[in-house]
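Read the structure below first, then the notes.
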Amino acid sequence: MSAVETLIPAAFRLGRQTFISHHSGYHLLKPPATVEEQGLGYQTLQVADMAELPESHIVPSGRCWQATKVMKRPGNPYPDRISIGRATNCDIVLRFAVVSKLHAHLSLRADGRLTLIDHGSANGTWHDGRRLVPGEPAAIGPGDALSFGGVRCELIDGAGLYDLVSGNRSRH
């Protein structure tokens with residue numbers, strides 16, 4: 001996990017094209033805590049220093065935007081898909097009580113686009129406001145709104161990440 005604010009110096013130092021090449025591919029962007037998460041009253045992980053977390057983890061935070069690269073973690077099984085869930089052995093870890101241990105997965109298609117598939121999660125997976133049918137793939141791309149059990153995220157690419165950290169895009 002990277003707190004998005006920590007990427008600001010690199011964006012200005014490297015410039016747009018170099019920053020985008022260093023952060024190529026897709027990223028899952030998580031804004032600070034939302035109403036859905038604040039009502040839980042508990043967290044699945046207490047974090048003293050977010051810098052100590054693995055880059056694949058996103059945790060409850062009211063302080064900062066978080067981003068993690070959409071990628072397969074070395075040594076994880078099923079090389080054709082990127083797992084998303086609360087369990088720490090997932091490729092992308094969303095440490096929220098409303099996220100199932102194995103919630104969903106992403107697959108990279110031959111045309112470079114991603115598909116998102118819900119694994120029959122308890123609280124559902126949503127794409128641009130539409131709840132996914134478990135097991136049915138949905139094509140997704142940069143700028144799409146995703147929700148995992150009520151944890152709102154956005155899929156962005158390197159250009160979208162640069163625009164966010166450089167101030168060319170508002171944080172809404």
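Starting from residues that are touching a residue at least 40 places away in the same chain (Cβ under 8 Å) and open to solvent by 50 Å² or more (accessible area, probe 1.4 Å), keep the ones in the stretch 52-62 and report whichever is nearest to Ser107 (Cα to Cα).
Glu55
Does the stretch 108-116 contain at least one residue that is more than 22 Å from Pro32 (Cα to Cα), of a type in the set (Gly, Ala, Ser) and touching a residue at least 12 places away in the same chain (Cβ under 8 Å)?
no
Given the criteria surrounded by 15 or more Cβ atoms within 10 Å (Cβ to Cβ), at pLDDT below 95 and closer than 23 Å to Ser24 by Cβ, does Thr68 qualify?
Taking the combined requirement at face value, the residue satisfies it.
Return the total of residues in the stretch 3-35 being open to solvent by less than 50 Å² (accessible area, probe 1.4 Å), under 20 Å from the mean Cα position of the chain (by Cα) and more than 28 Å from Pro60 (Cβ to Cβ).
Final tally of qualifying residues: 1.
The values are calculated or read from the model by the stated rules, or taken from the named source; none is laboratory data. Everything numeric in this text was worked out from a predicted model, so none of it was measured. No Cβ is skipped: glycine too gets one built from the backbone with ideal geometry, and neighbour counts run over all protein chains shown. Heads up: the accessible areas ignore ligands, DNA and RNA and are worked out on the full protein's heavy atoms, side chains in. Shrake-Rupley method; radii C 1.70, N 1.55, O 1.52, S 1.80 Å.
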